Structures are given as structure tokens and as C-alpha cells.
């Protein structure tokens, strides 16, 4: 299979990491690539680095734009992409050199519309990736269930290759972080077959000053996305509704704990009010949690009430559980 893959790389203030990312793409064993470097108004040397790469490799397109955030940069890349398949790589991460060859082979073999590959969290310490040849093929319901359980396929957009048809009509929500929460389940729902590769092809670099490295009220965007997924699942995959509801409730507990821990992020209590409002809109019944552990059942039930959510989260923070 030699279909063109459009690889979209949103770039902002990552000159220290950009070479590693781009080199891992241009040196892929799969060569039929359209590499789209989206300079999102980066204030460092990234714009020049992008232009220099384009001079060296004819497969590279550069988009220079005013800063609009990660979602806007990805959308800008999608607008100029011409490939039959699309992939997103974050500019401080990198990928195994065989990622696209392995993925496209499985797409052809299994007649799949999406392939997702395993992730390894890395830092500046040495690491050894899992190079397993194991894979599995799932339908859209199982894939969305994976995102709810936060396993294998996951909600992130950057460990996947998508057939362009499943992205038709989809855009990333501007001015959101956790933007993947509003995107991935829609794309998965349009695919008949999704392949998951157990090989750790995506190297997710963890740095403290990244968007996700600190806690702020913007992180509450995640709750809106998880709630939207729950409402979508209720209509389209009712068998997953209870699990999606409990996932939202667990997210509320996590974020309330984080707001209690990071008091300066929520001086006017806007965040805590929002979390309580979302949690109060979803009531958990005893029958929906009967198979949960006793302590989990208690947490779900008592957090049905605003005072209970506060109490549970303060106790969990005191015990240093869940954060």
C-alpha cells in the first residue's frame, strides 16, 4: 500500500525539540508522505527551522500563521492536507521510524479506516520500548469503550492514522485544551474497523512547561468533552452509557481534587462551581455501581450531593489518593 499520508505537526515554541520530531518523520521507512509543519506564530527560531526543512525535503509544506492555539494549528494543517490518510504528531514528541510502514500494512491487511499505536511516556532518562508484533482489530463501539476506559486506543489524536473519510466534517474546537476529548470519539464512530498495534511507536515526551504540565481552569475543558461523549454514547452506543456516565463522575472527582490542591487557580471558586454543576447534572444509581468495589460505590453515591463531592475530595487529597 502506497497511499499518501498527510502528517500534520503543529509547532509553537519548541525549537529545542523540533529537530528530533521532524527527523523521525522524514526518515520513516514509509516514504509517501506529505509533511505539514504548521508554525503557529512561534516566537523562537521554529519558523526559520521549518523553512529550512522545506528547502531540504520536497515533501514538506510549511504553514505560517498567527498564534491561535493547538486546535487552530491542526485545523490549518487539515485545510491544506491532500493525503488519503491523515496523522497528527505533536512537535515535542517523536515516532518509531517504522510507524507508518507497520500501520499502513495493517490498514491494508485488515481493511481498516483507523490504526492506533501504543504510546510510551518518556523523559530524558534512557528507555526501552515494547516492540511487540501483537495487534487486534476492533469495531467503533469497542474503540470508543477504550477511550472511556483510557486504555489502548485512547482519546488522544496523535497515536493514530485516519482515513480521510472518517475526518469528514470534523474540526478541532478552537480555544480548548483537552481538544482531543471533543474530536476522537466522533472519528472512531465513523470507522468500521480500527486496528490497535501493541508496539510502542509513539514517544510521548513529558516536559513540565507543556500545555498539560500545569493546572489551570482551562483544564476543565476536559469535563465538557467527557460530558459531550457521554451524551453521544447515550444515543449511539447505549450499551456504553453507564460506563461513560461513571467516567464523567470520576473526572469530576479528579478535577475537584486538583482545584482544592491548586487554590490559586480558582480564587473566585468558578471552577469548583462548574465541577459541582456538572456532577449534579448526573446522578448515579445503586444498580449502576453494584459491581464496583465498596469504597468506589461509596464515593459515587456520596458525590451525588455537593457536600459529598467536597468531603470526598478533601479526604482523598489528605490521603494523597488520585492526584
Members of region 130-157 that are surrounded by 15 or more Cβ atoms within 10 Å (Cβ to Cβ) and either on the phi > 0 side of the Ramachandran plot or at pLDDT below 95 (or both): 152, 154
Filtered residue count, region 94-116, keeping only those that are within 20 Å of residue 189 (Cα to Cα) and in contact with a strand residue (DSSP E or B) (Cβ under 7 Å, 6 or more places away or on another chain): 9
Residue in region 193-210 that is touching a helix residue (DSSP H, G or I) at 6+ places or on another chain (Cβ under 7 Å), modelled with pLDDT of 95 or more, in a loop (DSSP other than H, G, I, E, B) and surrounded by fewer than 20 Cβ atoms within 10 Å (Cβ to Cβ) present: yes
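Between 61, 171, which is surrounded by 13 or more Cβ atoms within 10 Å (Cβ to Cβ) and closer than 14 Å to residue 5 by Cα? Give the steps one after another, and end with the answer.
Details: 171 fails: closer than 14 Å to residue 5 by Cα.
The unique qualifying residue is 61.
Going through region 257-271 one residue at a time, which ones are farther than 14 Å from residue 224 by Cα, free of Cβ contacts under 8 Å to residues at least 60 places away in the same chain and assigned to a helix (DSSP H, G or I)? Give the derivation first.
Of the residues in region 257-271, the ones farther than 14 Å from residue 224 by Cα are 257-270.
Narrowing the set further to residues that are free of Cβ contacts under 8 Å to residues at least 60 places away in the same chain leaves 259-260, 262-270.
Answer for region 257-271, where residues must be farther than 14 Å from residue 224 by Cα, free of Cβ contacts under 8 Å to residues at least 60 places away in the same chain and assigned to a helix (DSSP H, G or I): 259, 260, 263, 264, 265, 266, 270.
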Filter result for the condition that a residue is assigned to a helix (DSSP H, G or I), in contact (Cβ under 8 Å) with a residue 12 or more places away in the chain and more than 17 Å from the chain's Cα centre (by Cα), over 246, 188, 220: 246
Residue among 234, 176 that is touching a helix residue (DSSP H, G or I) at 6+ places or on another chain (Cβ under 6 Å), modelled with pLDDT under 95, over 16 Å from residue 87 (Cα atoms) and surrounded by fewer than 20 Cβ atoms within 10 Å (Cβ to Cβ): 176
Exclusive hit being surrounded by 13 or more Cβ atoms within 10 Å (Cβ to Cβ), assigned to a helix (DSSP H, G or I) and under 25 Å from the mean Cα position of the chain (by Cα), set 297, 279: 279
Condition met for residue 161 (in contact with a helix residue (DSSP H, G or I) (Cβ under 9 Å, 6 or more places away or on another chain), on the phi < 0 side of the Ramachandran plot, part of a strand (DSSP E or B) and surrounded by 15 or more Cβ atoms within 10 Å (Cβ to Cβ)): yes
Test: residue in region 33-47 that is in a helix (DSSP H, G or I) and either more than 20 Å from residue 180 (Cβ to Cβ) or more than 22 Å from the chain's Cα centre (by Cα) (or both): yes
Failed item in (1) touching a residue at least 40 places away in the same chain (Cβ under 8 Å); (2) within 27 Å of residue 112 (Cα to Cα); (3) in contact with a strand residue (DSSP E or B) (Cβ under 6 Å, 6 or more places away or on another chain), with residue 11 passing the rest: (2)
Failed item in (1) under 28 Å from residue 105 (Cα atoms); (2) assigned to a loop (DSSP other than H, G, I, E, B), with residue 7 passing the rest: (2)
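The values are calculated or read from the model by the stated rules, or taken from the named source; none is laboratory data. None of the values given here were measured: they were computed from a predicted structure. Cβ coordinates were reconstructed from backbone atoms using ideal geometry, including for glycine residues, and neighbour counts include every protein chain displayed.
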